[in-house]
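The values are calculated or read from the model by the stated rules, or taken from the named source; none is laboratory data. Here the structure is a predicted model, which means the values were calculated and not measured. In this analysis, Cβ positions are derived from the backbone assuming ideal geometry, glycine residues included, and neighbour counts consider all displayed protein chains.
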Amino acid sequence: MVAESLRPPVGNPDAVRLPDATARQRFGTRRVVRLATVDARGRPHIVVTTFALSGTTLYLVVDEKPKTTRDLKRLRNIRANPAVSLLADHYDEDWTELWWVRADGRAEVVEAPEVAVEAIDLLAERYPQYRASRPRGPVIAVTVDTWTGWAPDQ
């Protein structure tokens, strides 16, 4: 049963919607997010990923953790359909502390070496593992079109 205090006012969707600036700020506090892509046949695919945020662009990188291939499904999906969503969230047993933020945008696999280097530099600033073992890429750049977020305290 949902506690009465967590129920939003009926007919007022803005009562729980996070303002864009708050959504973006909360998103940036997470260490990992979930990247959702769709393949050419419309099948969804979701993975956990690290990220760096610069302005309205999110950067992701294929890092050096063991993989069966460097031609990952997320890369093939982005090339086939660049529409993506990334989800950040916070769970707590105290449900008044819950929140989530979704960044919707268009992704591309970065081809320009100078952009890839800058993106990996940003990621290395954020993650010590990338300073110790610099990723080779490829890099994904997501231009965020829409920030959507929810929290019971809004």
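Numbers at a glance
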item	result
Residue list for the range 57-89, filter: of a type in the set (V, I, T) and outside any helix (DSSP H, G or I)	T57, V61, V62, T68, T69, V84
From A116, A112, A132, A103, residue being of a type outside the set (S, T, Y) and closer than 13 Å to L35 by Cα	A103
Qualifying residue in the range 96-110 (condition: more than 15 Å from R31 (Cα to Cα), hydroxyl-bearing (S, T, Y) and touching a residue at least 40 places away in the same chain (Cβ under 8 Å))	yes
Filter result for V32 (in contact with a helix residue (DSSP H, G or I) (Cβ under 7 Å, 6 or more places away or on another chain), surrounded by fewer than 16 Cβ atoms within 10 Å (Cβ to Cβ) and either modelled with pLDDT of 95 or more or farther than 15 Å from I140 by Cβ (or both))	no
Per-region count, the range 122-141, residues in a helix (DSSP H, G or I), touching a strand residue (DSSP E or B) at 6+ places or on another chain (Cβ under 9 Å) and surrounded by fewer than 15 Cβ atoms within 10 Å (Cβ to Cβ)	1
Residues of the range 69-98 that turn out to be out of contact with any strand residue (DSSP E or B) (no Cβ under 6 Å at 6 or more places or on another chain) and either modelled with pLDDT under 95 or closer than 22 Å to A23 by Cα (or both), as a count	13
Those residues of the range 132-154 which are small (G, A, S) and touching a Pro at 6+ places or on another chain (Cβ under 9 Å), in sequence order	G149
Selected residue [at pLDDT 95 or above, in a helix (DSSP H, G or I) and surrounded by 14 or more Cβ atoms within 10 Å (Cβ to Cβ)] from V101, V144, V115	V115
Odd one out for G137, checked against (1) touching a helix residue (DSSP H, G or I) at 6+ places or on another chain (Cβ under 6 Å); (2) touching a residue at least 60 places away in the same chain (Cβ under 8 Å); (3) more than 17 Å from V47 (Cβ to Cβ)	(3)
